[in-house]
Amino acid sequence: MAASSASTASVAPLPGRPRVTELRLSAFAGHRRAVLRLGPLTLLAGPSGCGKTTALRAYDALARLGGGAELGAVFPDPLACVPERARPDAQRRRGFRIGCTADGAEGPVHLDVAVQAEPELRVVGERLSADGVVLLETALRDPGRRAVQAAWHTAGSAPVTRAPLPDDRLGTPLLPLRVAGRTDGQRRVLAAAEQMVVALRSVFACDPRPGRMREPVPTGSGRLLGGCDNLADVLWRTRTECGRRHAQFVAAVRTGCAGPVADVLAEPAAGGVVRALLDRGDGVRTGLARLGYGELRYLALALVLFTGPGVLEVDPAGEVPAALQTLTVLADGFDRGLDVRQRAELLRLAARMCDRGHIRLVGAVADASWAAGADGVTVVHLDP
C-alpha cells in the first residue's frame, strides 16, 4: 500500500517536546515504500484492506522496540510482517523494514530498522541518523553469532566506536549504557537516541470492545486496557481523582449518548466486582449493558482522551519528566459504529486535547470525508 497526498494540520507542537512526525513502511506486510506524515491528530483513511491496521501495528512495534522489548515479544508472528511477494535470498532469508522520524530539540532524527523474519528472527540492520550524519549503524556480519556489529559516531580521536550489540532488540535504547558521552559527537548520539526513545514511548494502542465492556469487572490496577474491557474499574478509580476532568468527561458523554446524563460512575456489585453506570439525574441509573455499540465505543474513546499515562496501560519513559513527554493514542476503527453526531464530537474533543500538546492521536477510519477541513486534523489517504 502507498500513502497518497494528505491534508495537513495547522497546529504547532510545543517546541522541543519529542514527537514522531513520520512513519516509514519500506517493506512491511502489504506496504512498500509508504511514507506516512503524522501531525498531532492524524486520521489514516482508506477502504478495507488498504493497510490502516497494519500501519498502526508497525507504529506500536517501533514503540515497544524503543522501550527495549525483545523482537520475539513484539513480533510473535514475524512472517505475517513480510511482504507477500518477497522472495528469499540465496540463504533463504526474508524480512521486513520499518522506520520513523522523531522531531524535537535535536531536530529531525531518523530511525530505520531491518528485521530478518526467517530462517530466524533477528535485527540485521539499524540506522539512527540526523542532519545527514549516521549516529548509529548496525549490520549482521556473521550469521553464526547472535550479535550485530555496531558503530556509533564519536568525533574524537577516532571517528566511530565499534562494538557488538545483541540481535534480538534495538541498539538505540541501549546506547546510554554503551556511550560515555565524553566527546561532542558522543553527546550528540546520546541526545538523538534519547529524543527517539522518548518520542516512541508512552503509546496506547486501543480498539474498544463493547461486548466486554458491558460486564462487571473485578477491581484491579485501575489502568485502562487496550480493549477498554475494564472501563468500570478505571471509573471506580478516576471519578474522585480529578473532579474537573471528570466533569468534562461527563459533558462529553452527555453529548454522545442518548438520553440525559448527570454523571458516569461505577458501583460495587456482589462478588467483589464493579459495574459502570450512567446516572440519568432523576433517580434512574442505566448499566452499560443497556447502551448501544456506538455509545460504548464513544464513551471509551472519550475516557482515553481525558486520561493520561498514569491511567492508561502504557510504558512511559520513567527517567524523563512527564512535562517533556507526549502520550500517543493509536485508535483502530476510530469511527467504527459511531453516528454522525458522535463522530463529530469525538473529533472535536480529540482536536482540542491534541492542541494542548500532551496527547497525539493516530486513528484509522474507513472514510475521512466527514473530517475534511476540520481544524488541527491531518488526513493521510492509503491506497489499496
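One line per residue, one yes/no per condition, for (1) open to solvent by less than 10 Å² (accessible area, probe 1.4 Å); (2) outside any strand (DSSP E or B):
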| position | (1), (2) |
| --- | --- |
| Glu215 | no, yes |
| Gly222 | yes, yes |
| Cys228 | yes, yes |
| Trp236 | no, yes |
| Glu241 | no, yes |
| Pro260 | no, yes |
| Glu267 | no, no |
| Arg275 | no, no |
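Condition test on Leu128, is it of a type in the set (A, V, I, L, M), free of Cβ contacts under 8 Å to residues at least 40 places away in the same chain and assigned to a strand (DSSP E or B)? Judged against the criteria, Leu128 is not a match. The residue pairs whose first member lies in the range 45-56 and is touching a residue at least 24 places away in the same chain (Cβ under 8 Å) and more than 17 Å from Ala372 (Cβ to Cβ), whose second member is among the small types (Gly, Ala, Ser) and open to solvent by 10 Å² or more (accessible area, probe 1.4 Å), and whose beta carbons are closer than 7 Å, counting only pairs six or more residues apart or on different chains, are Gly51/Ala29; Gly51/Gly30; Thr54/Ala29; Thr54/Gly30; Leu56/Ala205. Residue pairs whose Cβ atoms lie under 7 Å apart, separated by 6 or more positions or on different chains, with the first residue in the range 366-384 and more than 21 Å from Leu349 (Cβ to Cβ) and assigned to a loop (DSSP other than H, G, I, E, B) and the second of a type in the set (Gly, Ala, Ser) and open to solvent by 10 Å² or more (accessible area, probe 1.4 Å), are Pro384/Gly49. Considering the conditions (1) more than 24 Å from the chain's Cα centre (by Cα); (2) open to solvent by 60 Å² or more (accessible area, probe 1.4 Å); (3) within 30 Å of Leu361 (Cβ to Cβ); (4) not small (Gly, Ala, Ser), Glu106 is excluded by exactly one of them, (1).
Within the range 249-258, the set of residues being surrounded by 14 or more Cβ atoms within 10 Å (Cβ to Cβ) and touching a helix residue (DSSP H, G or I) at 6+ places or on another chain (Cβ under 8 Å) comprises Phe249, Ala252, Val253, Thr255, Gly256, Cys257. Residue under question is Ala63, and the condition is that it be at pLDDT 95 or above, out of contact with any Phe, Trp or Tyr (no Cβ under 6 Å at 6 or more places or on another chain), more than 20 Å from Gly376 (Cβ to Cβ) and buried (at least 24 other Cβ atoms within 10 Å of the Cβ); does it hold? Here the answer is yes, as Ala63 does meet what is asked. A single member of Leu41, Leu36 is at pLDDT 95 or above, aliphatic (A, V, I, L, M), closer than 19 Å to Thr326 by Cβ and in contact with a Cys (Cβ under 7 Å, 6 or more places away or on another chain), and it is Leu41. Number of residues in the range 173-190 that are open to solvent by 30 Å² or more (accessible area, probe 1.4 Å) and either in contact (Cβ under 8 Å) with a residue 24 or more places away in the chain or in a loop (DSSP other than H, G, I, E, B) (or both) equals 8. Of all the numbered requirements in (1) touching a strand residue (DSSP E or B) at 6+ places or on another chain (Cβ under 9 Å); (2) buried (at least 20 other Cβ atoms within 10 Å of the Cβ); (3) in a helix (DSSP H, G or I); (4) not β-branched (Val, Ile, Thr), His246 misses one, and that requirement is (2). Just one of the listed residues (Arg146, Arg169) is among the basic types (Lys, Arg), buried (at least 18 other Cβ atoms within 10 Å of the Cβ), touching a residue at least 12 places away in the same chain (Cβ under 8 Å) and within 21 Å of Phe96 (Cβ to Cβ), and it is Arg169.
For the structure I just gave you, tell me whether Arg97 is in a strand (DSSP E or B) and open to solvent by 70 Å² or more (accessible area, probe 1.4 Å).
Working: in a strand (DSSP E or B): yes; open to solvent by 70 Å² or more (accessible area, probe 1.4 Å): yes.
Yes: the conditions hold for Arg97.
Candidates are the residues of the range 277-298 that are in a helix (DSSP H, G or I), modelled with pLDDT of 95 or more and open to solvent by less than 40 Å² (accessible area, probe 1.4 Å); the one that is nearest to Glu215 (Cα to Cα) is Leu296.
The set of residues from the range 200-213 being open to solvent by less than 60 Å² (accessible area, probe 1.4 Å) and more than 20 Å from the chain's Cα centre (by Cα) comprises Pro210, Gly211, Met213. Specify the residue that is nearest to Ala199 (Cα to Cα); the eligible residues are those in the range 62-94 that are of a type outside the set (A, V, I, L, M, F, W, C), in contact with a strand residue (DSSP E or B) (Cβ under 7 Å, 6 or more places away or on another chain) and touching a residue at least 40 places away in the same chain (Cβ under 8 Å). Looking at the filtered set, the residue picked out is Pro78.
The values are calculated or read from the model by the stated rules, or taken from the named source; none is laboratory data. What you are looking at is a predicted structure, and each value in this text was computed from that prediction instead of being measured. A quick note on method: Cβ atoms are made from the backbone with ideal geometry, for glycine too, and the neighbour counts reach across all protein chains shown. We work out accessible area using only protein heavy atoms, side chains counted, and drop any ligands, DNA or RNA first. Shrake-Rupley method; radii C 1.70, N 1.55, O 1.52, S 1.80 Å.
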